[in-house]
Amino acid sequence: MGGKPIFINEAHGATLTDVDGNIFYDFVNSWGPIINGHSCPEIIESVSQALMHGTSFGAPTSLEIELAELICKLVPSIAMLRMVSSGTEATMSAIRLARAYTKRDILVKFNGCYHGHADSLLVEAGSGVATLGIPGSPGVPADVAKLTISVEYNDVESLNDVLSRVGAEKVAAIIVEPVAGNMGLVLPEDGFLQALRRVCDNHGIVLIFDEVMSGFRVALGGAQARYAVTPDLTTLGKVIGGGLPVGAFGGRKDIMKMLAPSGSVYQAGTLSGNPLAMAAGISQLKLLEKRNPYPQFEELSNYWVGQMRKLAVRVSVPICAVACGSLLGLFFTNLSHVRNYRDAKTTNANLFKHFYLSMLDQGFYLAPSAFESNFLSTAHTKEMLDSFISAAENALTSLPK
Ligand code: PLP
């Protein structure tokens, strides 16, 4: 985005303070994990308690079981799960498992979806890959990349064409962000996720919902609860670690049982199930269960969308604002509806850059990319959103001619 990068000193509630003492309303929330506000007292207390017992044991703890049981309860499609330390680890391990289960190699993903930085997942990826405009995946062997096929999001016809061309019987898994948050925010159209479920059932393909971002953000049970579609495997991260490094993947028992040591598919991690991270995750999920902030998220994010749309008319700037639960998306495009990566790329990146820098200048820290979502936490209020809209109006009425 240009400008000077800000370095954070501390964060409380909905605000960040940088090393120079500037205070910002935070709409990034560590790219998703901070859903109960920064420095959440309950999470700090739980992590502090765990800290007194030691930082890592390389062996199971009851905390790991407690978090796993909580996740299985809240996301019923997960019958068994494995903790890892990041979303990237979760997706790459889920794919290995799907390949072993189906004895097939090909992976289908969707353009603009980001599933972490494993070799096979950088093809047509969103997030930083989209932001930096990296064309393919330098450093990824062509023989690896050719096993990944990427299709336009929300386009079942293209998916079916691809499956006929490569042979559906060669496809191990379809991995999808059920709410796509890494090309800006793009929602699944009616029937899209259901169609993926049907295609996978018809061809014995493993359906992986990558809910690293959408998990516990678009509903307590994730996108699979919101859209009532059950995947075979789910990958999680971000929110389940309460701000500490955690990922997890899980799902159908017959597939998960293939993981070592009960099965032969190897996966391991020195710090997986780390007690501090587990304590943070337990506290975070318990708070979400108790507080049920989801109706409030819905109200706030819909309010934000409505206000942004009104603002667009007032200032005559083409804006497509969208929201889902606690996720917010903004495109500077004439399109009224962004349904895939091709549409997302019509966003005016120069306009976004001006907007981003002006918002930062006015004390609003947004995701520094035209191809990322923004995140609310329970610390965000309607008043903060009103201030956001005023600042956005300033930003958009001072555009360079
Ligand atoms: N999957 C999705 C949907 C993500 O949004 C991300 C990160 O943003 C990842 C996977 C990778 O997670 P991590 O950055 O923890 O490796």
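Before moving on, here are some points about what is shown:
- Of all residue pairs spaced 6 or more apart or on separate chains, those with beta-carbon atoms under 6 Å, a first member in region 354-372 that is open to solvent by 10 Å² or more (accessible area, probe 1.4 Å) and a second member that is acidic (D, E) are Y365/D26.
- Of all residues in region 1-37, those being under 18 Å from F388 (Cβ atoms), polar (S, T, N, Q) and surrounded by fewer than 22 Cβ atoms within 10 Å (Cβ to Cβ) number 2.
- Condition check for L233: closer than 25 Å to W31 by Cα, open to solvent by 10 Å² or more (accessible area, probe 1.4 Å) and in contact (Cβ under 8 Å) with a residue 12 or more places away in the chain: no
- For region 210-228, the set of residues classified as within 16 Å of the ligand (Cβ to nearest atom) and either among the aliphatic types (A, V, I, L, M) or out of contact with any strand residue (DSSP E or B) (no Cβ under 9 Å at 6 or more places or on another chain) (or both) consists of V212, M213, V218, A219, A223, Y227, listed by residue number.
- Identity of the residue in region 56-81, of a type in the set (S, T, N, Q) and either surrounded by 13 or more Cβ atoms within 10 Å (Cβ to Cβ) or within 19 Å of the chain's Cα centre (by Cα) (or both), that ends up nearest to K290 (Cα to Cα): S77
- Subset of region 38-55 (residues that are among the hydroxyl-bearing types (S, T, Y), loosely packed, with under 15 Cβ neighbours inside 10 Å and either touching a residue at least 60 places away in the same chain (Cβ under 8 Å) or within 16 Å of the ligand (Cβ to nearest atom) (or both)): T55
- Residues of region 55-77 that turn out to be assigned to a helix (DSSP H, G or I) and more than 16 Å from T234 (Cα to Cα), as a count: 5
- Flag if L196 is in a helix (DSSP H, G or I), away from the ligand (no atom under 16 Å from the Cβ), buried (at least 19 other Cβ atoms within 10 Å of the Cβ) and not aromatic (F, W, Y): no
The values are calculated or read from the model by the stated rules, or taken from the named source; none is laboratory data. Keep in mind that this is a model prediction, so the values were computed, not measured. Please note: Cβ atoms are built from the backbone with ideal geometry, for glycine as well, and neighbour counts cover all protein chains shown. Note: areas computed on protein heavy atoms with side chains; ligands, DNA, RNA excluded. Shrake-Rupley method; radii C 1.70, N 1.55, O 1.52, S 1.80 Å.
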